[in-house]
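This report concerns only the one structure given below.
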Amino acid sequence: MSHEAILEQLNRNITPELYEQIRQEWKAHSIAEDNRDIDGLMATLTDDCVYELPQTGDVWHGKQGATRFYTELLGAFPDVKFDLQNIVVGPQGVFEEAHVTATHHGKWLNHEPTGKHIEFEVVILFPWDSEKQKFSGERVYFFGLDEVLRANSAGEKS
């Protein structure tokens, strides 16, 4: 990200109304995810949103890509539960930390399904597009997921 783009983010002003708008949009996103409501999820995103897993290099572009991300994630982990640990809401977007539990029922990324229960940590940044008044995607960091999936694939206890 350019120096100018960072300065623009730092200079964003927060008003009670903007804070509430971003908070409500994040709540709508979270409720839609809990309900497995893909259309509800897409309603919180810009048309040109980007979903990114920086650790793996996987990227999904636009609402079509975001739909594919969620379809694959929720298909692989149909019982996924995000237990929120921390959240920060500001004019730049939302930052959350969560403990995740799920059962690995389908292929996800390069991991074949194991049918086993898994737990891992996740940190997610939801960047806010101040012009479009929606989230411009998610940047998702998983901690411990690859190790758990590899161990489960090898038949080890998670």
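So for segment 132-142 (the condition being of a type in the set (Val, Ile, Thr), crowded, with 17+ Cβ neighbours inside 10 Å and not in a strand (DSSP E or B)), does at least one residue qualify?
No, segment 132-142 contains no residue that is of a type in the set (Val, Ile, Thr), crowded, with 17+ Cβ neighbours inside 10 Å and not in a strand (DSSP E or B).
Determine if segment 71-84 includes at least one residue that is without any contact (Cβ under 8 Å) to a residue 40 or more places away in the chain, in contact with a Phe, Trp or Tyr (Cβ under 9 Å, 6 or more places away or on another chain) and among the polar types (S, T, N, Q).
For segment 71-84, residues without any contact (Cβ under 8 Å) to a residue 40 or more places away in the chain, in contact with a Phe, Trp or Tyr (Cβ under 9 Å, 6 or more places away or on another chain) and among the polar types (S, T, N, Q): absent.
Does segment 51-70 hold any residues that are out of contact with any strand residue (DSSP E or B) (no Cβ under 7 Å at 6 or more places or on another chain) and of a type in the set (D, E, K, R), and which are they?
If the condition is that a residue be out of contact with any strand residue (DSSP E or B) (no Cβ under 7 Å at 6 or more places or on another chain) and of a type in the set (D, E, K, R), then Asp58 is the only one that fits.
Residues that are of a type in the set (A, V, I, L, M) and surrounded by fewer than 16 Cβ atoms within 10 Å (Cβ to Cβ): find the helices (runs of 4 or more DSSP H) completely inside segment 1-102 holding 1 or more of those.
Per the criteria, 3-10, 16-34.
Laboratory data are not the source of any read-out in this text; all were calculated from the coordinates shown. Keep in mind that this is a model prediction, so the values were computed, not measured. Cβ coordinates were reconstructed from backbone atoms using ideal geometry, including for glycine residues, and neighbour counts include every protein chain displayed.
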